[in-house]
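First comes the structure, then the notes that go with it.
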Amino acid sequence: MSTKPVTGAFGSSTASAAFTALPGYFNISISGTWVGVTTLQRSFNQGTTWLAVTSYTNTAANAEALIHEPESGVQYRFSCAYTSGSCVYRISQ
């Protein structure tokens, strides 16, 4: 569990480290030239179960958003179904 920014780049089908949101708004960002689907997921049970929040495809490769989380301790991560290229991601508050 980390409230520190989670950053990286997908070069295979995998998931990022988990980000623990504090109540309020936090940032998400994905960019790069890639083929695949990247999904923002959240967990209410310390990462046992991950639920899809929203997905991004290579046709919308660059995206930024503010996400509002009213609860403390909810975890977020990106999961990537990767085909090719590089998808750069960041989750921060």
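The values are calculated or read from the model by the stated rules, or taken from the named source; none is laboratory data. A quick note: this is a predicted structure, and the numbers were derived from the prediction, not measured. All Cβ positions, even for glycine, are placed from backbone atoms using ideal geometry, and neighbour counts span all protein chains on display. Accessible surface is based on the protein model in full, side chains and every heavy atom, while ligands, DNA and RNA are left aside. Shrake-Rupley method; radii C 1.70, N 1.55, O 1.52, S 1.80 Å.
Data table
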read-out: Any hit, region 58-81, residues being more than 20 Å from A9 (Cβ to Cβ), free of Cβ contacts under 8 Å to residues at least 40 places away in the same chain, of a type in the set (A, V, I, L, M, F, W, C) and surrounded by 10 or more Cβ atoms within 10 Å (Cβ to Cβ); value: no
read-out: Tabulated pairs, region 16-27, first outside any strand (DSSP E or B), second surrounded by 13 or more Cβ atoms within 10 Å (Cβ to Cβ) and among the hydrophobic types (A, V, I, L, M, F, W, C), C-beta under 6 angstrom, 6+ apart or interchain; value: S16/V6; S16/F78; A17/V6; A21/V74
read-out: Selection within region 36-52 - part of a strand (DSSP E or B) and exposed (fewer than 14 other Cβ atoms within 10 Å of the Cβ); value: L51, A52
read-out: Residues (more than 15 Å from T39 (Cα to Cα) and hydrophobic (A, V, I, L, M, F, W, C)) located in region 67-80; value: V74
read-out: Odd one out for S55 among (1) modelled with pLDDT of 95 or more; (2) open to solvent by 60 Å² or more (accessible area, probe 1.4 Å); value: (1)
read-out: Residue within region 54-66 that is touching a Lys or Arg at 6+ places or on another chain (Cβ under 9 Å), among the hydrophobic types (A, V, I, L, M, F, W, C) and assigned to a strand (DSSP E or B) present; value: no
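Table: residues versus (1) aromatic (F, W, Y); (2) farther than 19 Å from I67 by Cβ; (3) at pLDDT 90 or above.
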{"position": "T3", "(1), (2), (3)": "no, no, no"}
{"position": "T7", "(1), (2), (3)": "no, no, yes"}
{"position": "T20", "(1), (2), (3)": "no, no, yes"}
{"position": "P23", "(1), (2), (3)": "no, no, yes"}
{"position": "N27", "(1), (2), (3)": "no, no, yes"}
{"position": "W34", "(1), (2), (3)": "yes, yes, no"}
